[in-house]
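Here is the structure we will look at.
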């Protein structure tokens, strides 16, 4: 019986082979005149025309990848191949059900490999990072002491019943020492350190390897919110010593509603089902016996098969292209930050200073401009998409903007990059900011 949907679809219908997910990492061929050709992996919707205030249509400059990334062409192709064979999973005897089940479980192995999980780690499919973190909060043993920094996204900051919230550290070294001290002083019992891999506000990379060593030294586990890390950099749970990793497909170029919690299976196996229903139960009568495997126990109901297939295709595509993706992003983010620094009225937000390593996420404020008005004007006059607000990280943004509270400025603008971002997009934003700051 075939196990890989892409393979089985090609073997069953050789007249419609469809390109594999890997084919999208080859150099792009020349396209219609006026359409920009993307090197390496390609996304759908690059330079789609959008209206601006003077009545023209201009190519869209999407600088909002940190909110939701566009769909990879390879992901679109994988979903298109899967649709003719889409069926129920795990319980169907028909051919398409068997093929779909094989693809679904193969996707679990692809994701496990993508995050460098050990062979027996659990890979539970969720809706997104928030869902994954809430699942973990549901599964931790009663009385678990959680240590979390105020710099976290709300998905990692809010789900815990019993948490010590640490203030924003002034340096990466201070983050490590603060976590060490907090874990050492925690009451006896289960302990969990929760930290981001890359900040969704500043893009700064957190020292998750060092924090994992601190957690182990104190008999604790570590959970990493990797939502903003995995679209930009590879991660290896085994070599870093991470216990749990959570991320979302919609930030990983797979906008089909799937997410992941990957990590140690024991807490997940011992916890009651996150959702109670079909699939989570092993037998139901006067009493209910829940399924033993962590994945089955916490994936009740019909799963998002197409979302999972999309997620696996994105993981496979990026795994083949990390070197080029990271190098190109580094060039673009350097261009952006250098340009912002040259504008006296623009102030980049940073926790650890200019030299801290980061992914392609930059937040800033502009003198004389409310963040919402600035974002709307960039869209309406220049065809540029950015994000404004507090980015679901209210305590952190409040910390970064603490000096501006008297002026009433408590929100910022965020520009985020990814596959499909061009130098022209960066330059258009810098030109626009220069013009708007001068008004």
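The values are calculated or read from the model by the stated rules, or taken from the named source; none is laboratory data. Owing to the predicted nature of the structure, the values given are computational and were not obtained by experimental measurement. In this analysis, Cβ positions are derived from the backbone assuming ideal geometry, glycine residues included, and neighbour counts consider all displayed protein chains.
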Do we have residue 277 as over 25 Å from the mean Cα position of the chain (by Cα), over 19 Å from residue 155 (Cβ atoms) and outside any strand (DSSP E or B) here?
-> yes
Give region 113-146 a look and list any residue that's farther than 23 Å from residue 279 by Cβ and in contact (Cβ under 8 Å) with a residue 12 or more places away in the chain, or say none.
-> 113, 114, 115, 116, 118, 141, 143, 144, 145, 146
Among the strands (runs of 3 or more DSSP E) confined wholly to region 43-153, which include 2 or more residues that are surrounded by 24 or more Cβ atoms within 10 Å (Cβ to Cβ)?
-> 122-126, 145-149
All-but-one check, residue 318 against (1) under 26 Å from residue 89 (Cα atoms); (2) in contact (Cβ under 8 Å) with a residue 24 or more places away in the chain, failing number (1)
Within region 171-179, is even one residue in contact with a helix residue (DSSP H, G or I) (Cβ under 7 Å, 6 or more places away or on another chain), on the phi < 0 side of the Ramachandran plot and assigned to a loop (DSSP other than H, G, I, E, B)?
-> no
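Quick grid of which residues meet (1) outside the structural domain of residue 158 (by TED's automatic domain parsing); (2) under 23 Å from the mean Cα position of the chain (by Cα); (3) crowded, with 24+ Cβ neighbours inside 10 Å; (4) modelled with pLDDT under 95:
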{"position": "212", "(1), (2), (3), (4)": "no, yes, no, no"}
{"position": "218", "(1), (2), (3), (4)": "no, no, no, no"}
{"position": "223", "(1), (2), (3), (4)": "no, yes, yes, no"}
{"position": "228", "(1), (2), (3), (4)": "no, yes, yes, no"}
{"position": "231", "(1), (2), (3), (4)": "no, yes, yes, no"}
{"position": "234", "(1), (2), (3), (4)": "no, yes, no, no"}
{"position": "239", "(1), (2), (3), (4)": "no, yes, no, no"}
Reported set for region 251-275 where residues are surrounded by 14 or more Cβ atoms within 10 Å (Cβ to Cβ), touching a strand residue (DSSP E or B) at 6+ places or on another chain (Cβ under 8 Å) and more than 13 Å from residue 122 (Cα to Cα) is 253, 254, 258, 259, 273
Enumerate the helices (runs of 4 or more DSSP H) found wholly within region 343-439, keeping only those where 3 or more residues are in contact with a strand residue (DSSP E or B) (Cβ under 7 Å, 6 or more places away or on another chain).
-> 371-382, 423-437
Please give the number of the condition residue 326 fails out of (1) under 19 Å from the mean Cα position of the chain (by Cα); (2) under 30 Å from residue 90 (Cβ atoms); (3) part of a helix (DSSP H, G or I).
-> (2)
